[in-house]
Amino acid sequence: MPPHIAVLNGPNLNLLGEREPEVYGRATLAEVEARTRERARTLGVELEWCQTNHEGELVEAIQQLSGKADGAVINAAAFTHTSLAVRDALLAVRVPFVEVHLSNIFGREPERRRSLLADVAVGVVAGFGAESYRLGLEGLVGYLQSRHGR
Ligand code: CA2
């Protein structure tokens, strides 16, 4: 069976491409999804994609990864900086994940420089716009392959 990877997107990412292109780029979330799916196809992994504006829905989506996904690519958006609930859900399911951001959160306002998720992630990719998702997926797939090869 091909590895199953979930890509989870948090609040306001549905607005991508419409506003703040200088910060987040011009690609819409549908375009980011299409590019990421194209890479998933060449990597031979199955991709599931979702976006929610609600913290509880994101927590539920993370809980549902258990037993279903081999790994996850997560842009928790503003919840990255605020949500212990998202962190707790990720710790509970123990599914390896890569944290991704379109912008370089470490070069932004102080409140965005802190991630409540990064220390429990396999890795973090930030600042490459839509490419952050592709890079995150590649990193995660490489991690899963090396783990299986051990
Ligand atoms: O850089 C990222 O990917 C972020 O996760 C995006 C979040 C932000 O809160 C994080 O600090 C960094 C924002 C999501 C998108 O918000 C938009 C707001 C207006 C127009 C378009 C997108």
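With r as the distance between the Cβ atoms of His148 and Glu38 and R0 = 22 Å, compute the FRET efficiency 1/(1 + (r/R0)^6) and round to 0.05.
Values: r = 24 Å, r/R0 = 1.08.
Efficiency at R0 = 22 Å is approximately 0.40.
Screening the chain for whole DSSP H helices of 15 Å or more along their axis (Cα) with average Kyte-Doolittle hydropathy at least -1.0 returns 29-43, 131-148. Normalised by 2.2 N^0.38 Å, where N counts its residues, the alpha-carbon radius of gyration of region 35-150 equals 1.02. Heavy-atom accessible surface of the chain, averaged per residue, reaches 52 Å², computed with a 1.4 Å probe.
Using 0.36 nm per residue, how much length does the chain from His4 to Asn53 gain when fully extended, once their Cα-Cα distance is taken away? Please report the intermediate quantities before stating the final value.
Working: separation 49, 0.36 × 49 = 17.64 nm, distance 2.34 nm.
Stretched out fully, the His4 to Asn53 stretch lengthens by 15.3 nm.
Please list, by residue number, every one of the GluC sites (Glu not before Pro) in region 1-86 that is coil in DSSP and has at most 15 other beta-carbon atoms within 10 Å.
Numbers: sites: Glu18, Glu22, Glu31, Glu33, Glu38, Glu46, Glu48, Glu55, Glu57, Glu60; in loops: Glu18.
Sparse-neighbourhood loop GluC sites (Glu not before Pro): Glu18.
Here is how the number arises for the chain: DSSP H runs of 4 or more residues each give -39500 (n - 2.57), the sum is divided by the residue count, and the result at 222 nm is -12000 deg cm²/dmol. Of the accessible area of the chain, computed with a 1.4 Å probe over protein heavy atoms only, carbon and sulfur atoms account for 50 percent.
Have a look at Thr42, Leu116, Thr52 and report the one farthest towards the positive end of the charge dipole of the chain, computed about the Cα centre with Cβ charges (Lys/Arg +1, Asp/Glu -1). Of the listed residues, the answer is Thr42.
The values are calculated or read from the model by the stated rules, or taken from the named source; none is laboratory data. Bear in mind that the values here come from a model prediction, so they are computed numbers and not experimental data. Note that each Cβ is placed from the backbone with ideal geometry, even for glycine, and that neighbours are counted across all protein chains shown. Each accessible area value is taken on the protein alone, full model and side chains, heavy atoms only, with ligands, DNA and RNA left out. Shrake-Rupley method; radii C 1.70, N 1.55, O 1.52, S 1.80 Å.
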